[in-house]
Amino acid sequence: MNIVMIGQKGLPGKFGGVETHVSELSTRLVRAGHTVIAYARNWYTPKGTTMFNGIRIVRLPSLRLKWADTITHTFLAVLHAVIFVRPDIYHFHGVGPALLAWMPRILAPRATVIATFHSVDRFHQKWGRFARFMLKLGEHASLVFAHTTVAVSKTIALYAKTEYNGTAVYVPNGVTPRHASTDPILLEPFGLEPFGYVLMVSRLVPHKGAHTLIDAWKLAVAQNPALFRTLKLAIVGGSAFTDSYVRKLEAQSANDPSIVMTGYQAGETLEALFAGARFAVHPSTSEGLPIAVLEAMSYGKAVIASDIPENREIVGEYGITFKSGDIADLAEKITELAKDPMQAAGLGHVARTYVEGSFNWDDIAEEVLSIYRGHTVAPEGLLAME
């Protein structure tokens with residue numbers, strides 16, 4: 001099969017769950033003998049990048065404004081695919097890009113259209129009223145124009161049913177089993193020592209809750225200064241059209257040597273940061289199915305996560321939850337794990353076993369392939385849509 005991936009910022013992934021999802025899935029599709037083209041935005045993927053893990057990369061421009069970046073790039077990607085690629089599968093990632101899922105239904109009626117519903121983006125704090133309205137239309141479009149809609153969490157599948165009376169097939173995000181060793185040399189530039197810090201890995205956008213974590217950390221330290229004397233908080237991630245929010249976080253953590261903001265990290269450095277953490281925290285208020293939580297668990301780390309349904313799907317009995325947005329509750333849970341390293345290690349061990357068995361990218365790629373194969377001859381025209 002010839003498959004195009006549309007909606008991601010690009011490959012190789014720098015940040016964001018969608019980029020990780022597309023990278024991991026596409027790599028396995030190529031290994032299975034299929035041809036995959038992933039569209040990339042010029043500003044995200046370096047000039048000259050044409051291949052990644054066997055995936056063909058096609059760079060196209062976009063109008064680099066928060067509200068226009070995704071939709072302009074998606075429009076050009078669909079046109080390019082229709083005219084030059086003529087794939088068997090158009091796979092849209094995210095409800096924003098799914099706004100244009102109608103285009104291949106009209107322009108390439110023999111092709112199959114798949115849409116993956118990664119998160120309920122319109123609830124994210126960075127969007128204004130008009131953008132939220134358009135994202136809601138994108139949710140509806142992902143369920144109307146796609147031959148099959150995929151939901152990365154059971155919560156999103158239920159949302160599609162209750163909000164739109166639509167059907168979304170649950171196929172979760174995944175992990176690649178990790179057994180990386182701690183490398184103190186890679187931690188030195190940040191002033192961190194193995195197992196001497198608590199970790200958060202995320203894009204620095206308001207709904208990920210880094211500001212809540214910083215306030216909770218300061219409260220925990222103030223309440224138990226001796227306990228936290230040698231423990232630090234490391235926040236790993238960068239801006240995603242949210243420079244003003246990042247500046248607020250930097251001001252919030254200024255003059256506190258126990259808080260380290262590393263900026264965006266990848267590769268061996270990111271692996272070392274995961275491997276060397278005492279435990280991880282994920283305080284988001286809105287998610288799809290957070291890959292950062294899955295990855296932390298795959299490194300054998302206990303995770304404290306907000307009690308939103310999408311986090312509870314993963315953490316459940318394999319981690320600790322706190323009341324979303326509750327600084328005092330989060331401070332209490334951080335203190336609890338900081339006091340008991342054996343509890344953190346035990347939770348991390350069962351968490352790794354759980355995610356490796358239930359969220360393996362190899363299995364997930366097979367599920368997606370079975371969806372593709374179910375549409376080997378797609379219905380023609382909009383009148384044949386389900």
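Computed values, structure above
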{"read-out": "Scan of the range 359-386 for residues that are modelled with pLDDT of 90 or more, open to solvent by 20 Å² or more (accessible area, probe 1.4 Å) and touching a helix residue (DSSP H, G or I) at 6+ places or on another chain (Cβ under 9 Å), ordered by number", "value": "ASP362, GLU366"}
{"read-out": "Residues that are part of a loop (DSSP other than H, G, I, E, B) and surrounded by fewer than 16 Cβ atoms within 10 Å (Cβ to Cβ), drawn from the range 147-170", "value": "ASN165, THR167"}
{"read-out": "Test: residue in the range 300-311 that is open to solvent by less than 30 Å² (accessible area, probe 1.4 Å), more than 17 Å from GLU356 (Cβ to Cβ) and of a type in the set (Val, Ile, Thr)", "value": "yes"}
{"read-out": "Hits in the range 211-227 (condition: open to solvent by less than 10 Å² (accessible area, probe 1.4 Å) and either touching a helix residue (DSSP H, G or I) at 6+ places or on another chain (Cβ under 6 Å) or closer than 17 Å to PHE274 by Cβ (or both))", "value": "LEU213, ILE214, ALA216, ALA220"}
{"read-out": "ALA328 being surrounded by fewer than 15 Cβ atoms within 10 Å (Cβ to Cβ), part of a helix (DSSP H, G or I) and modelled with pLDDT of 95 or more", "value": "yes"}
{"read-out": "Any helices (runs of 4 or more DSSP H) falling wholly within the range 251-321 and containing at least 3 residues that are free of Cβ contacts under 8 Å to residues at least 60 places away in the same chain and either aromatic (Phe, Trp, Tyr) or closer than 25 Å to TYR170 by Cα (or both)", "value": "309-315"}
{"read-out": "Residue count, the range 171-210 (criterion: of a type in the set (D, E, K, R), surrounded by fewer than 23 Cβ atoms within 10 Å (Cβ to Cβ) and in a helix (DSSP H, G or I))", "value": "1"}
{"read-out": "Some residue of the range 251-270 being surrounded by 14 or more Cβ atoms within 10 Å (Cβ to Cβ), farther than 15 Å from ALA338 by Cα and in contact with an Asp or Glu (Cβ under 8 Å, 6 or more places away or on another chain)", "value": "yes"}
{"read-out": "Tally of residues being of a type in the set (A, V, I, L, M) and within 18 Å of ARG312 (Cα to Cα) across the range 338-355", "value": "5"}
{"read-out": "Near pairs, Cβ below 6 angstrom, 6+ apart or cross-chain, from the range 45-59 (in contact (Cβ under 8 Å) with a residue 12 or more places away in the chain) to any residue that is open to solvent by 40 Å² or more (accessible area, probe 1.4 Å)", "value": "THR45/ARG59; PHE52/PRO12; ILE57/THR50; ARG59/ASN42"}
{"read-out": "VAL95 within 22 Å of HIS375 (Cβ to Cβ), of a type outside the set (S, T, N, Q), open to solvent by less than 50 Å² (accessible area, probe 1.4 Å) and touching a His at 6+ places or on another chain (Cβ under 7 Å)", "value": "no"}
{"read-out": "Selected residue (criterion: farthest from the chain's Cα centre (by Cα)) from residues of the range 202-234 that are among the basic types (Lys, Arg) and closer than 15 Å to PRO257 by Cα", "value": "ARG229"}
{"read-out": "From the options THR74, THR112, residue that is surrounded by 22 or more Cβ atoms within 10 Å (Cβ to Cβ), within 11 Å of MET5 (Cα to Cα) and β-branched (Val, Ile, Thr)", "value": "THR74"}
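The values are calculated or read from the model by the stated rules, or taken from the named source; none is laboratory data. The model shown is predicted, which means the values in this text are computed figures rather than measured ones. All Cβ positions, even for glycine, are placed from backbone atoms using ideal geometry, and neighbour counts span all protein chains on display. Surface areas here come from the heavy atoms of the whole protein model, side chains and all, with no ligands, DNA or RNA. Shrake-Rupley method; radii C 1.70, N 1.55, O 1.52, S 1.80 Å.
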